[in-house]
Amino acid sequence: MAAADPAVFTSATLPSDPRLLPALTNAYLGTCVYRDILHANGVYNGAVGDTHRADIPSPISVRMSVSAEDSQSETFSLDTRTGTYIHKIQSSSYMATHRIYAHRSLVHLLAFSITIQKSALLTQPVMVNLQTQFMPKSPDLDLHRGEDFQGAHYLYGKTLIPEVEGGPQPTVHLIWSPVPESVTLSGDETERSWEFLTAVAENEEDVKKYFCEGKSLIDSGSLYAHHTQAWAETWGGCCVKVDGPLSLSQAIHGCLYYLLSACPSLGSDDCQFSGISPGGLSNGTENEDYWGHVFWDQDTWMYPNILLFYPDIACAILKYRIQTLGGALKNAQGQGYKGGKFAWESAATGQEVCPEKIYGDQEIHISGDVVLAFEQYYHITQDLKLFQEEGGWDVVHAVAQYWCSRVEWKPEEQSYHINGVMPPDEYHRDVNNSVYTNVIAQRSLNFAIDLGAQLHIPIPEAWEEVRKKIKIPFDKNRKFHPEYDGYCPGEQVKQADVILLGFPLLYPMDSEVRRNDLEMYEPVTDPTGPAMTWSMFAVGWLELKEHARAQLLLNKCFSNITEPFKIWVENSDGSGAVNFLTGMGGFLQTILFGHTGFRITKTHLNFDPICPDDTKQLKITGVCYLGSKLTFTFTKENVTIEVTRPSYEPQFSSLEVVLAATKEHYPLQEGQSVTFPTAGGWIQKAPVKPF
């Protein structure tokens, strides 16, 4: 019996909850299978706390059935390699296939096709019924019918209410192929396909251009081939293979697929990217899945996995924060502070759109989370252009200014405090000196000072003063980090908070303190909390080589994965956001940063591997570091590292492996691999040898 393909999820039945149907998205368009609405990148309706993704009627919300008397079997599949949903109806004499996809490279297009195949012995026609839910109306758009275009229908309209007074009200233009009630394969044909196209853009000229481009590819028989080729190129830069349990392989494939679906495709510049919300672009209508807003979920939980393989895509995510810096400046000014305060919930403008004021006012660690993403990008790429020419320095500078205006000097302690905040643990509010918030503020200032030196920009003395003297709560007797001033051990917390100091913040501490933090907070973390939490506990235990404890926590994540399409729910009881990319991002970090031990530092890419239980080998292809592509193969006995694509930047042309225990150096050259007994170490630029 052939082994199951971990990248294809197939079922004979659909989930009873339609929220758990597959998300089909690209950087610009998103919908769920059979859902009657779609969303477009950056198109929101509603003012401030009512801002949500605008509902656009979806012409691809079509179900297929076959009128026939002979017995049929049905399958429903999501092929993550090609980003395609496939419904098949089959009998002994025919097969009907319904294929739906959001085009990977032509991101303004959604498409579906119906293909009927029958045996030559069947002389009767085969008819496929097409049931559509399409209604040309929306609660969020003032829609009007335009003249048909090349046999296709045309609809356009502007959003009703801007996010902020005087803010943007995008216009949506929609052109789609009309969908008949049925299609029929005649008695003398053995195979035929029908293709249906939807184009969406923000103006008439563009939507007609994109529709014509798609129609031309349909006429040449290559629209779907262009889509699958774009996915092949994407997967060509990222491969995680597990020689172990099928469930683990499926979880990794599913998480990578849904996360990559939410990101721009390689080389795509057809639209301005507007960030990733916890439920992705397929969700976010009013009162649903965080309304399509962008949180720290993007920068802290999803982004590191993308950066590890695709720095160019990671850069597009960072540019969303650059685009919304104006909103961050207004947020800070509105509260009486200098610099930039990134919104806890951000949409098109970057101004705060959180429906509940206290979160927007107090969950200020988001600004540090944003800067950490910029820092990680710089250490992976050494790309100064983003900071010198494209606005990256403006973000880092604005956040440093904000922290310095937000702190309060306490002479009795000779330290700076940050008071009246909400930490990542949202069960506590209006606390002083959240240790996570203060550490990430300090880290923001560290990076701002270092980057300023790189750019030869004078640094205000206050940055250095606050960096040195900001209070970092620590209990010297118990040797652990209190979550905030006055935290009592044993108090319940909502989610991962203090343990994030070890990873991803890499705050210096010895193993005893790291262990104490994990031991202190694991038993008091709400067991019904959001999906990403246990991933970070697992990473912590893997750091300490407690692989059995880590595995128990990693196993908890699987209760958030729903069948058959591996859609994640926010909470294990099924409540909260669906297609919960935040949880998927945390899970992937357990694999990509936990089991590998990868750590992105100023001068190195560290590794310190532990293979997952029941896994013979973990192979990760496409890791980017200083312009090179690397493949890491980890087993319980050996580590093998290979350069699969060398850097063509002269300053990064040579890398080497250094083993932590022995300080042995191994040069890394293209096409050659280095193998050594499993141990920790790091990758660094090889020193230039003098002549």
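The values are calculated or read from the model by the stated rules, or taken from the named source; none is laboratory data. Note that the structure is a prediction, hence the values are computed from the model and not measured. Reconstructed Cβ throughout: ideal geometry from the backbone, glycine too, with neighbour counts over all protein chains shown. The protein model used for the area step is the full one, side chains on, heavy atoms only, and it has no ligands, DNA or RNA in it. Shrake-Rupley method; radii C 1.70, N 1.55, O 1.52, S 1.80 Å.
Side notes on the structure shown:
- Cα Rg, Dmax (largest Cα-Cα span) when computed across the chain, Å: 26.0, 93
- Helix 533-543 vs. the chain, principal-axis angle (Cα, 0 to 90°, nearest 10): 50 degrees
- Taking amide hydrogens as placed 1.01 Å from N in the peptide plane, the amide H of Val179 sits under 5 Å from that of no residue at least 5 positions away in sequence or on another chain.
- Solvent accessible area, Å² - Glu649, 1.4 Å probe, full protein context: 90 Å²
- In Å², nearest 10: area of Thr640 left accessible to a 1.4 Å probe: 40 Å²
- Percent carbon-and-sulfur accessible area, region 589-638, ignoring ligands, DNA and RNA, probe 1.4 Å: 47 percent
- With Cα atoms, 0 to 90° folded angle of helix 511-521 axis to the chain main axis: 60 degrees
- Sorted from longest to shortest, the spans of the Cα atoms of region 291-341 along the three principal axes equal 40, 22, 15 Å.
- Largest to smallest principal axis extent of the C-alpha atoms in region 1-116, angstrom: 56, 33, 28
- A crude spin-label estimate for the pair Glu181 and Glu563, with each label 7 Å from Cα along the Cβ direction, gives 3.9 nm.
- Taking amide H as placed 1.01 Å from N in the peptide plane, Tyr484 has its amide H under 5 Å from the amide H of Val435, each at least 5 places away in sequence or on another chain.
- Modelled spin-label separation between Ile459 and Glu204, with each label point placed 7 Å from Cα along the Cα-to-Cβ direction: 5.5 nm.
- Those residues of region 358-382 whose amide nitrogen sits under 20 Å from the label point placed on Gln335, 7 Å along Cα→Cβ: 358-374
- In region 409-511, the portion of solvent-accessible area held by carbon and sulfur atoms comes to 47 percent [1.4 Å probe, whole percent, DNA, RNA and ligands not counted].
- Magnitude of the charge dipole, region 402-484, Cβ model with Lys/Arg +1 and Asp/Glu -1, debye to 20: 220 debye
- Calculated diffusion of region 201-353, Stokes-Einstein form, Kirkwood radius summed over Cα pairs, 20 °C and 1.002 mPa s, µm²/s: 120 µm²/s
- Rounded, prolate or oblate (a/c below 1.5 giving rounded, otherwise prolate when a/b exceeds b/c) for region 434-554 by Cα gyration tensor: prolate
- Largest to smallest in accessible area, the residues Ile459, Ile100 fall in the order Ile459, Ile100 (1.4 Å probe, all protein chains included).
- Short-range pairs are left out: with C-alpha atoms under 8 Å and at least six residues apart, the relative contact order of region 333-438 is 26 percent.
- Pair-distance distribution of region 552-634: all C-alpha pairs, bin width 5 Å, starting at 0; shares per bin in whole percent are 3, 13, 20, 19, 16, 15, 10, 4, 1.
- Over region 281-401, the alpha carbon radius of gyration divided by the compact-protein estimate 2.2 N^0.38 Å works out to 1.03.
- The chain: angle of helix 204-219 to the longest principal axis, Cα-based, in degrees nearest 10: 60 degrees
- Rounded to the nearest 10 Å², the accessible area of Ile457 at probe 1.4 Å: 60 Å²
- Estimated FRET transfer efficiency (Asp36, Ile449; beta-carbon r; R0 45 Å; 0.05): 0.30
- Within the shell defined by Cβ-Cβ distances under 13 Å, the residues around Gly244 carry a net charge of +1, with Lys and Arg each +1 and Asp and Glu each -1.
- Each 10 Å bin from zero holds the following percent of Cα-Cα pairs in region 422-469: 25, 40, 24, 10, 1.
- For the chain, accessible area per residue (1.4 Å probe, heavy atoms of protein chains only), Å²: 38 Å²
- P(r) for region 579-691, from all Cα pairs and a bin width of 10 Å, is 14, 45, 30, 9, 1, 0 %, short bins first.
- Relative contact order of the chain, defined on C-alpha pairs under 8 angstrom at six or more residues apart (%): 11 percent
- Whole-percent carbon and sulfur share, accessible surface of region 1-148, 1.4 Å: 52 percent
- Here the Karplus curve 6.51 cos²θ - 1.76 cosθ + 1.60, taken at θ = phi - 60°, turns the phi angles of region 428-443 into couplings of 10, 9, 6, 9, 10, 6, 4, 5, 4, 4, 5, 5, 6, 5, 4, 5 Hz, with x standing for Gly and Pro.
- Taking a ≥ b ≥ c as the square roots of the eigenvalues of the Cα gyration tensor, an a/c ratio of 1.5 or more together with a/b no larger than b/c marks region 173-220 as oblate.
- Taking all pairs of distinct alpha-carbon atoms in region 87-189, Kirkwood radius in angstrom: 17.0 Å
- When each of the peptides 83-91, 655-663 is scored by the mean number of other C-beta atoms lying within 10 Å of its residues, the order from highest to lowest reads 83-91, 655-663.
- Normalising the Debye intensity of region 119-172 to I(0), with uniform scatterers on Cα atoms only, and taking log10 at q = 0.19, 0.25, 0.30, 0.32 Å⁻¹ returns -0.81, -1.02, -1.16, -1.20.
- Electrostatic tally near Ala347: other residues with Cβ closer than 12 Å to its Cβ, Lys and Arg +1, Asp and Glu -1, net -3.
- Calculated diffusion of region 479-533, Stokes-Einstein form, Kirkwood radius summed over Cα pairs, 37 °C and 0.692 mPa s, µm²/s: 284 µm²/s
- The distance from the alpha carbon centre of region 388-427 to that of region 73-118 is 50 Å, rounded to a whole number.
- Just so you know, the Cα atoms of region 357-411 work out to an Rg and Dmax of 13.6, 41 Å.
- Every Cα-Cα pair in region 163-264 was counted, and those over 22 Å apart are 59% of them.
- Label-to-label distance, nm, for residues given as Ser16 and Cys239 (7 Å Cα→Cβ offset): 4.1 nm
- For Pro139, neighbours were defined as the other residues whose beta-carbon sits under 10 Å from its Cβ, and their charges (Lys and Arg +1, Asp and Glu -1) total -2.
- Applying 0.36 nm per residue to the separation of Lys545 and Asn287 and subtracting their alpha-carbon distance, the gain on full extension is 88.6 nm.
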